[in-house]
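Here is the structure we will look at.
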Amino acid sequence: MAEAATVVPGDNALEWAQKDKRRFLHVVYRVGDLDRTIKFYTECFGMQLLRKRDIPEEKYSNAFLGFGPEDSHFVVELTYNYGVDKYDIGTGFGHFAIATQDVYKLVEDIRAKGGNITREPGPVKGGNTVIAFVKDPDGYTFELIQRGPTPEPLCQVMLRVGDLDRSIKFYEKALGMKLLKKTDRPEQKYTIAMMGYADEYETTVLELTYNYGVTEYTKGTAYAQVAISTEDVYKSGEVINLVTQELGGKITRQPGPLPGINTKITSFLDPDGWKTVLVDNEDFLKELQKEE
């Protein structure tokens, strides 16, 4: 393949992850009733249904929802597999987060529509930030965080990891993310690291959580992956190859075009088994235009 010639070996490849222009595109997870979840997210969270498609030959449907268009915002990609109405979320997946200017009002709106509030609004322990937690109809947890106006309300994906320093190093090297903040809470026996491409108040971040003494978690069958854009999947694939050899994890799909739609991707697992898909940005934008 001609594109493969762009791969740069060795240390030069690692520099690519820092130079590449990347952003979080979407997070993919499975739900038991697509229309029920769409109704909950649009009515309770205020998301917009951006697109919906049915793939009968592969027996699944999916829907994309978020707070703005996919070419500029992080969105959720919900997947419904025909005949499967329940999934195991597992112990490793944590939560998604939504930033709002008034957590109290949002919680009352969700409660009025029958939503499950699992933590009432109020300041975080030892701090001033007002938060609440709710569960969607499939049992996924959403943290609601009170903030000023933000361009990206869908602001976090939280995953639990067994070795925080290893994970920080992995996401810095493999995906060019920055460590935005690291907070240790010894009284609650956990440490968190916020990883991303810009300030956590402006964009989506990955929140990695290490619970003292816990090195392994179950993945369940519900949460699937995050997708991130790249300017070159082949160069990015070379970086992933080097980093997985050093820190663990593995490539699950070598860089190349997807059959049928020709969008170039590569996918891999981090050292804890969490999956990321890197998507060619130009191909992704072309795919969106075709679906309009």
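Listed residues Ala193, Ala174; which is open to solvent by less than 10 Å² (accessible area, probe 1.4 Å), at pLDDT 95 or above and assigned to a helix (DSSP H, G or I)?
On the way: Ala193 fails: assigned to a helix (DSSP H, G or I).
Among Ala193, Ala174, only Ala174 is open to solvent by less than 10 Å² (accessible area, probe 1.4 Å), at pLDDT 95 or above and assigned to a helix (DSSP H, G or I).
For region 60-75, does any single residue satisfy the condition of being part of a strand (DSSP E or B), in contact (Cβ under 8 Å) with a residue 60 or more places away in the chain and in contact with a strand residue (DSSP E or B) (Cβ under 7 Å, 6 or more places away or on another chain)? So that I can check it myself, show each step before the final result.
The initial filter retains those residues of region 60-75 that are part of a strand (DSSP E or B), namely 60-66, 75.
Imposing the further condition that a residue be in contact (Cβ under 8 Å) with a residue 60 or more places away in the chain reduces the set to 66, 75.
With in contact with a strand residue (DSSP E or B) (Cβ under 7 Å, 6 or more places away or on another chain) added as a condition, the list becomes 66, 75.
Yes.
If you check Glu202 against the conditions, is it open to solvent by 10 Å² or more (accessible area, probe 1.4 Å), out of contact with any strand residue (DSSP E or B) (no Cβ under 8 Å at 6 or more places or on another chain), of a type outside the set (A, V, I, L, M) and at pLDDT 95 or above?
Values: open to solvent by 10 Å² or more (accessible area, probe 1.4 Å): yes; out of contact with any strand residue (DSSP E or B) (no Cβ under 8 Å at 6 or more places or on another chain): yes; of a type outside the set (A, V, I, L, M): yes; at pLDDT 95 or above: no.
So Glu202 does not fit the description; no.
Looking at Arg111, Arg160, can you tell me which residue is among the basic types (Lys, Arg) and surrounded by 18 or more Cβ atoms within 10 Å (Cβ to Cβ)? I'd like the intermediate steps shown before the answer.
On the way: Arg111 fails: surrounded by 18 or more Cβ atoms within 10 Å (Cβ to Cβ).
Being among the basic types (Lys, Arg) and surrounded by 18 or more Cβ atoms within 10 Å (Cβ to Cβ) holds for just one of Arg111, Arg160, which is Arg160.
Looking at Ile228, Ile261 in this structure, which one is without any contact (Cβ under 8 Å) to a residue 60 or more places away in the chain and outside any helix (DSSP H, G or I)? Break it down stepwise before answering.
On the way: Ile228 fails: without any contact (Cβ under 8 Å) to a residue 60 or more places away in the chain.
Within the list Ile228, Ile261, the selection yields Ile261.
Return the residues of region 40-55 that are assigned to a helix (DSSP H, G or I) and either at pLDDT below 95 or within 21 Å of the chain's Cα centre (by Cα) (or both); say none if nothing qualifies.
Going through region 40-55, the residues assigned to a helix (DSSP H, G or I) turn out to be 40-45.
Those that are assigned to a helix (DSSP H, G or I) and either at pLDDT below 95 or within 21 Å of the chain's Cα centre (by Cα) (or both): Phe40, Tyr41, Thr42, Cys44, Phe45.
Please indicate, with yes or no, whether at least one residue in region 240-258 is within 22 Å of Lys169 (Cα to Cα), aliphatic (A, V, I, L, M) and surrounded by 21 or more Cβ atoms within 10 Å (Cβ to Cβ).
yes
Among the numbered criteria (1) under 25 Å from Leu208 (Cβ atoms); (2) open to solvent by 50 Å² or more (accessible area, probe 1.4 Å); (3) assigned to a helix (DSSP H, G or I); (4) of a type in the set (S, T, N, Q), which single criterion is violated by Ser236?
It is condition (2) that Ser236 fails.
The values are calculated or read from the model by the stated rules, or taken from the named source; none is laboratory data. Remember, it's a predicted structure, so these values are computed and weren't measured experimentally. Positions of Cβ are generated from backbone atoms using ideal geometry, with glycine treated the same way; all protein chains shown enter the neighbour counts. Side chains are part of the model used for accessible areas, which takes the heavy atoms of the whole protein and leaves out ligands, DNA and RNA. Shrake-Rupley method; radii C 1.70, N 1.55, O 1.52, S 1.80 Å.
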